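Each remark here refers to the structure printed beneath this line.
The values are calculated or read from the model by the stated rules, or taken from the named source; none is laboratory data. Predicted model only: the values in this text are computed from it and were never measured. Note that we place each Cβ from the backbone using ideal geometry, even for glycine, and neighbour counts take in every protein chain shown. Just the protein is used for accessible areas: all its heavy atoms, side chains included, with ligands, DNA and RNA removed. Shrake-Rupley method; radii C 1.70, N 1.55, O 1.52, S 1.80 Å.
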Amino acid sequence: MRTKFHWNVGKDPPKWKGDKAKYSAIHMWIRSHKPKPKKCEHCKKIKKLEWANKSRKYKRTFKDWLALCKHCHTKYDFPLKNKHRNKLGQFID
């Protein structure tokens, strides 16, 4: 798959940060690599979907992500409303 960031893919790309990648970089990675289903994985309605992280550790693992509509994503993340994030965007326990 060729993307507009073709210089940043393949084996050992020069700007690869691995586990030190920030919140936005991980979201960009999941959007470009995991096919988004047509329905919300919670309510099963056909709406615009967002990626939600299950473990809140923002791993580059497909099983660690859910495609949710905005309403379900907000409900899913609500218990984290008062939690803080570190520099990488990960929730601090």
Pairs only if they're at least six apart or on different chains, beta carbon under 7 angstrom, first in segment 20-35 and in contact (Cβ under 8 Å) with a residue 40 or more places away in the chain, second open to solvent by 40 Å² or more (accessible area, probe 1.4 Å) and assigned to a loop (DSSP other than H, G, I, E, B); list them, first residue then second. Lys20/Leu88; Lys22/Leu88; Tyr23/Leu88; Ile26/Arg60
For segment 2-25, state whether one or more residues are under 13 Å from the mean Cα position of the chain (by Cα) and at pLDDT 85 or above. no
Over segment 56-72, the set of residues touching a helix residue (DSSP H, G or I) at 6+ places or on another chain (Cβ under 8 Å) and open to solvent by 100 Å² or more (accessible area, probe 1.4 Å) is Lys57
So Ser55 passes all but one of these: (1) part of a loop (DSSP other than H, G, I, E, B); (2) under 14 Å from the mean Cα position of the chain (by Cα); (3) modelled with pLDDT under 85. Which condition number does it fail? (3)
